[in-house]
Amino acid sequence: MSRKLHARRIEGIDKNIWVELTQLAADYKAVNLGQGFPDFSPPSFVQEAFCKALNEGFSMHQYTRAFGHPNLVKILAKFFSRIVGREIDPMEDILVSVGAYQALFCTFQALIDEGDEVIIVEPFFDCYQPMVMMAGGTAIYVPLKPVCCGPVLSSADWVLSPEELASKFSPRTKAIVINTPNNPLGKVYKRKELQMIADLCIKHDVICISDEVYEWLTYDGTKHVKIASLPGMWERTVTIGSAGKTFSATGWKVGWAMGSEHILKHLKTVHQNSVYHCATAAQEAVAVGFQREYDVFGTEESYFHQLPIHLHEKRLRLADCLKSVGLKPILPQGGYFMIGLATIPVSAFYSPEHRNEFQKYIRFCFVKEDSTLQAAEDILRQWSDGKLKKF
Amino acid sequence: MASIKHKNTKRIEGLDKNVWVAFTSVAADPSIVNLGQGYPDIPPPSYVKEGLAQAAMVDRLNQYTRGFGHPTLVKALSKVYGKVYDRQLDPFKEILVTVGGYGSLFSTMQALVEEGDEVIIIEPFFDCYVPMVKMAGGKPVLIPLRLKSSSAASSVSSADWVLDQEELASKFNSKTKAIIINTPNNPIGKIFSRSELQAIADLCIKHDTLCISDEVYEWLVYKGHEHVKIATLPGMWDRTITIGSAGKTFSVTGWKLGWSIGPEHLIKHLQTVMQNSLYTCPTPLQEAVGQGLLRDFELMGKPDCYFTSLALELEGKRDRMAAMLRQTGMTPVVPEGGYFMIADVTALNQDLSHMGDDEPYDYKFVKWMIKEKKLASIPVTAFVGEDSVKQFEKYIRLCFIKQESTLDAAEAILKSWNKD
């Protein structure tokens, strides 16, 4: 064919770091602490729910409600109403999507027009920028920066400058994207930090897109706060969640967007014109998982209680390992990742303008079996010993 | 409180309405025999369900897989379709796995259609084509299938619905980016013949146009007919995206897996859309579909290959449904493929003037039939543009991939039609 084929909307967004690096990891049989997925299984109650769903009536294998399987949206509404402190309507205020990724896509496609500016806090999960671009928007970056350099760096030490943040808002600002707990840093925004962002959103009438996929993974007693629960924010926030991260089943690709009906309805329009439905059986299994967690919420039995405890140790282990080979890990307050050394270069999470400041940091995923972490440790030790031997 | 900033974006302006929203609530009422929405109420083959149960027990298969398609699945697809196309298919470069056939259509439009592009769509069309073209900024250009005047009044086949060749040629111009064809067609069930496809191909080549071929019902082909892939015609591989569906292939619409097959220089653009929209499809489902395809690949051409056995099973249901409808006085259009049948209700002379005149006749008829006869179907004008409403408003669409008990219930209603 002689004519130009592809649409302009996909120009400049064809490169993708994961495609390159996961191929490399596979090619070189690397111990993979790169891409963020657990190498252990989802909890048995959720796996069992999936198998049970498969053997139920024919309806589990056929189309369900397009905007979300009834059992799932009902329990999500119930579960999160309790947390957010308001009555969430399962049919109007929730959209189930193919992973949080597709929820983000629906959000940008529904709300960002050409010429709209979107503030992105760096470091950011890499898809935000191409999604903004594909929607014709302009990304405006504001970086988190470390404020102190003590012996133990924590993700809490990385903050936004209020003046710098305020300066990024303009009459063209449509939305701001925040991710808490943050990937790759692991920062968990404090209530007052979210309040500062909320104040600006309200002042400038801006929508807040809050990616909270790691909401259950906080350590050392750190509390996850939902910006949508702050005064004046429910009506202007889209909160995004993930069953994959919640239940350690990233391969199920079940996520959701939650927010006021008058905004969610636009996400639904995108959804019904792009994928229309999400897989039924996985939604049913996630619903069963949430029902179980609803019943045991706050108790020792809760997976949301146990998983962070389980990962807490792994996080410390990896941090110690990195320190012992002379690297400076930044201890994350939440999430799956730690910045230190060797797998996904962190500059990928920064804009071209700010990339150079962050080139020496690299991201590690610690949500792995102990044997994987052991293997990583061995490699790092050997490498470090090897390096020392040279001198 | 409604902020102007909370308004929808231009790309989705006017795309919020949807025919299914009006009719899916009907499906919830158990007293209504639902031949409306297109999904099976027959179970999927057991080996496919088992494959999923097995996959779910493997740790690695509950986590992310390759974005453009799980290796087991793309390799199986390249095997199956390599045989069908009689060409070597690169599983990694010429195949993309998507969220259903729907997701493939979306990826294709977003990747290849933009403002200034015209896209030819044949009526009646699966309803999402028009909104998807519009969302991509393109302009839909419609052309209807027309009933050949030579066809017998009593026995109409989907083969009697054809494109006027001059009319088709007139729709192509320098702005035409693509033509969408759906074969076997939903809702009519037409299977485009080799010569019909050749005529379309000739125009695509002449005008340097892409072809988007929605072939989700490709295995549901009835006796005496052959499904031909337009991509196999000379000069067409390089300009065609062919779409398939696991949901339709294995009677698992709720798994929402489909695929696009085509040349690398086109598929790579669909992959870009994929990696920026949902990144990857569910892993265990892909593994199970891959295993199912491998199993049926070995049986291809034999009667116990699911692709063949399902078509055979459905042919019986097709014939049964056609007979039931004739008995009532409706004129069914017997489909060559797919699992839908449209029927002309003109002869019933049903007076619906009491229902007002703000809707086409078929919408009123369908609503009346749900209320008075407890039988659900879909109005065919939902699948056509405004200009073709008059041509299609006496037709309703029925789905026959239903259990015998559902068909029994439908038969009971149709038999007693004139007794009220």
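Bear in mind these aren't lab numbers, they're just calculated from the coordinates by the rules spelled out. Please read these numbers as outputs of a predicted model, since none were measured by experiment. Virtual Cβ from ideal backbone geometry, glycine too; neighbours counted across all protein chains shown.
May I ask you to list the lysines whose Cα is less than 18 Å away from that of A:Lys52, ignoring any residue fewer than eight positions away on the same chain? List returned: B:Lys49. Shown in residue order for segment A:179-191 are the 3J(HN,Hα) couplings computed by the Karplus curve 6.51 cos²θ - 1.76 cosθ + 1.60 at θ = phi - 60°: 9, 9, x, 7, 9, x, 6, x, 5, 10, 5, 6, 3 Hz (x for Gly and Pro).
So what is the calculated 222 nm ellipticity per residue for chain B, using -39500 (n - 2.57) for each DSSP H run with n of 4 or more, over all residues, to the nearest 500 deg cm²/dmol?
Values: 14 runs with 160 residues, N = 420.
The helix contribution divided over chain B gives -11500 deg cm²/dmol.
Between B:Asp351 and B:Lys390, what length comes free when the chain is fully extended (0.36 nm per residue of separation minus the Cα-Cα distance, one decimal in nm)? The span from B:Asp351 to B:Lys390 would gain 12.4 nm if fully extended. Dipole magnitude for segment B:9-80: computed about the Cα centre from +1 point charges on Lys and Arg Cβ and -1 point charges on Asp and Glu Cβ, it is near 480 debye. Taking 30 Å as R0, compute the FRET efficiency from the Cβ-Cβ separation of A:Leu316 and A:Ile17 and round it to 0.05. The value I calculate is 0.65. Remark: spin-label model distance B:Asp238-A:Glu163 equals 6.1 nm, labels positioned 7 Å along the Cα→Cβ axis.
Is the C-alpha gyration tensor of segment A:31-85 telling us rounded, prolate or oblate? Criteria: a/c under 1.5 is rounded; beyond that, a/b larger than b/c is prolate, otherwise oblate. Oblate shape, in that a/c is at least 1.5 and b/c is the bigger or equal ratio. For peptide B:252-262, the mean count of partner chain Cβ atoms within 10 Å of a residue's Cβ comes to 5.
Cross-link reach is defined here as a Cα-Cα straight distance under 19 Å, omitting same-chain residues fewer than 8 places apart; for A:Lys265 the lysines meeting it are A:Lys74, A:Lys174, B:Lys5, B:Lys7, B:Lys10, B:Lys17, B:Lys134. Sorted fewest first by neighbouring Cβ atoms within 10 angstrom, A:Met91, B:Met109, A:Met131 come out as A:Met91, A:Met131, B:Met109. Once backbone amide H atoms are built at 1.01 Å from N, B:Leu142 has B:Ile121 as its partners under 5 Å, excluding neighbours fewer than 5 places away on the same chain. Give me the distance between the Cα centres of segment B:212-240 and segment B:133-189, rounded to whole Å. About 15 Å separates the Cα centre of segment B:212-240 from the one of segment B:133-189.
For the protein assembly as shown, just say rounded, prolate or oblate: build the C-alpha gyration tensor, square-root its eigenvalues into a ≥ b ≥ c, call rounded for a/c under 1.5, and beyond that prolate if a/b exceeds b/c, oblate if not. If you can, show how the numbers build up before the last one.
Working: a/c = 1.81, a/b = 1.73, b/c = 1.04.
Prolate shape, in that a/c is at least 1.5 and a/b is the bigger ratio.
Distance from the C-alpha centroid of segment A:215-288 to that of segment B:347-420: 39 Å, rounded to the whole angstrom.
With a threshold of 21 Å on the Cα-Cα distance, the over-threshold entries among B:Lys317/B:Lys390; B:Lys367/B:Lys415; B:Lys148/B:Lys394 are B:Lys317/B:Lys390. Computed from the Cβ-Cβ distance with R0 of 41 Å, the FRET efficiency linking A:Trp383 to B:Ala169 stands at 0.05.
At R0 = 41 Å, how high is the FRET efficiency between A:Arg172 and B:Asp59 if r is their beta carbon distance? Nearest 0.05 is fine.
On the way: r = 47 Å, r/R0 = 1.14.
Once the sixth-power term is evaluated, E becomes 0.30.
Taking the average, over residues, of other Cβ atoms within 10 Å as the packing measure, peptides B:267-273, A:169-175 rank B:267-273, A:169-175 from highest down. Rounded to the nearest 5, the antiparallel percentage of DSSP beta bridges internal to chain B is 50%. Centre-to-centre separation between the Cα atoms of segment A:24-59 and those of segment B:256-273: 25 Å.
Extending 7 Å from Cα along the Cβ direction at A:Asp205 and again at B:Arg146 yields two label points whose distance is 5.2 nm.
Average partner chain C-beta neighbours within 10 Å, per residue of A:263-273?
On the way: counts 5, 0, 3, 6, 2, 3, 12, 9, 0, 10, 15.
Across the residues of A:263-273, the mean count of other-chain Cβ atoms within 10 Å is 6.
Sorting the segments A:62-75, B:298-311, A:308-321 by their residues' average number of neighbouring beta-carbon atoms within 10 angstrom, most packed first, yields A:62-75, A:308-321, B:298-311.
With a ≥ b ≥ c the root eigenvalues of the C-alpha gyration tensor of chain A, is it rounded (a/c under 1.5), prolate (a/b larger than b/c) or oblate? Judged from the Cα gyration tensor, chain A comes out rounded (a/c under 1.5).
For B:Lys402, the aspartates and glutamates whose Cα comes closer than 15 Å to its Cα, not counting residues fewer than 8 places off in the same chain, are B:Asp41, B:Glu313, B:Glu315, B:Asp319, B:Glu411. Helical runs assigned H by DSSP (4 residues or longer) give chain A a calculated mean residue ellipticity at 222 nm of -12500 deg cm²/dmol, each run adding -39500 (n - 2.57) before division by the residue total. In order along segment A:311-326, phi translates into HN-Hα couplings of 7, 3, 4, 5, 4, 5, 4, 5, 4, 4, 4, 5, 4, 5, 9, x Hz, rounded to whole numbers, per the Karplus curve 6.51 cos²θ - 1.76 cosθ + 1.60 with θ = phi - 60° and x for Gly and Pro. Computed about its Cα centre, the charge dipole of segment B:146-269 is approximately 240 debye, with only Lys, Arg, Asp and Glu carrying charge at their Cβ.
Among DSSP beta bridges whose residues both lie in chain A, state the antiparallel percentage, nearest 5. Each step should come with its number before you reach the end.
Values: 19 of 40 bridges.
Antiparallel bridges: around 50 percent, rounded to the nearest 5.
About its Cα centre, the protein assembly as shown has a charge dipole of approximately 1140 debye under the convention of +1 per Lys or Arg Cβ and -1 per Asp or Glu Cβ, with nothing else charged.
Shielding by partners for peptide A:103-113, expressed as the average number of C-beta atoms from other protein chains within 10 Å of each residue's C-beta, is 4.
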